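The structure under discussion appears below in the form of structure tokens.
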Amino acid sequence: MPAQGKHRRSPSTSLRRGLVAVTAGGAVLALPVIGATSAFAAPAPAAAPQQAVAPASVSAQVNSAVQAAPAQHSVAAGETLSKIAREYSVSGGWEKLYEGNRKIVGENPDLIHPGIKLTLGTKAAKASPSTARGAEADRADRSERINAAPVAKAAPAAEKAVTYTNDLDGWIKESLAVMAEQGIPGTYEGIHRNIMRESSGNPAAINNWDSNAVKGTPSKGLLQVIDPTFQAYHVSGTSTDSYDPVANITAACNYAADRYGSIDNVFGAY
């Protein structure tokens, strides 16, 4: 009897243990699998949409910025506002194009310089503070370059002072320079020819025997000018001494221009 009881209890006990073991084993084996699946699979649906949305949002912002930026045109030589407005079908024509670019074009719409950039769009997107600061910096930099340009330009060389020799050649040339400033006609050849006939090139020459001398007004200097004539035709900027070579020549040529049209037309006593 004890042996049979032990034999009957043994299968029962073994079966229950086996079932428990199987159940326990199933729990142990199932739970880790379920846990692992939840740990790796659950976050994935939430993370995926975020990654997909972000690039689309950034792309939309970039495209919006590109579309909002106004079109520009760099002016080429020979172009006019009317031509550019027609080419780009600007709403409002050249007047609207000029209105939107008046600051860079200036007060004359007919004068546009090659190289300037005209804004063609009439509705530009509102610039962000950083963009505005960048534009202001660019304008300031451009203004600085424009203002600095005259400074960089080399100053014109000072005119070299003209000097004349203290002889007949120098006196004639200096007199011709004064005559050119005063609009008095005459040439080197005409002056030289008359000087050689009247005084032989002696600035101190004086005629004490002709009718003028008899009247008390002798002819003096290179071109033998009497004092009343010298005073009447004296040219400002020259000496008031009738014996001065340059003053004498210039006054005589001024008189000859009034009387004969030019010293070049004088071939005898005058």
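A few notes on this one:
- Accessible surface ranking that places the most exposed of 239, 89 first, with a 1.4 angstrom probe: 89, 239
- Most to least accessible of 219, 82 (protein chains only, probe 1.4 Å): 82, 219
- Taking trypsin sites (Lys or Arg not before Pro) across segment 190-267, the ones in a DSSP loop with at most 15 further Cβ atoms lying within 10 angstrom of their Cβ are 215.
- Environment charge at residue 251 (Cβ cut-off 12 Å; Lys +1, Arg +1, Asp -1, Glu -1): -3
The values are calculated or read from the model by the stated rules, or taken from the named source; none is laboratory data. Values in this document were obtained by computation on a predicted structure and should not be read as measured data. In this analysis, Cβ positions are derived from the backbone assuming ideal geometry, glycine residues included, and neighbour counts consider all displayed protein chains. These area figures cover heavy atoms from the full protein model, side chains too; ligands, DNA and RNA do not enter into them. Shrake-Rupley method; radii C 1.70, N 1.55, O 1.52, S 1.80 Å.
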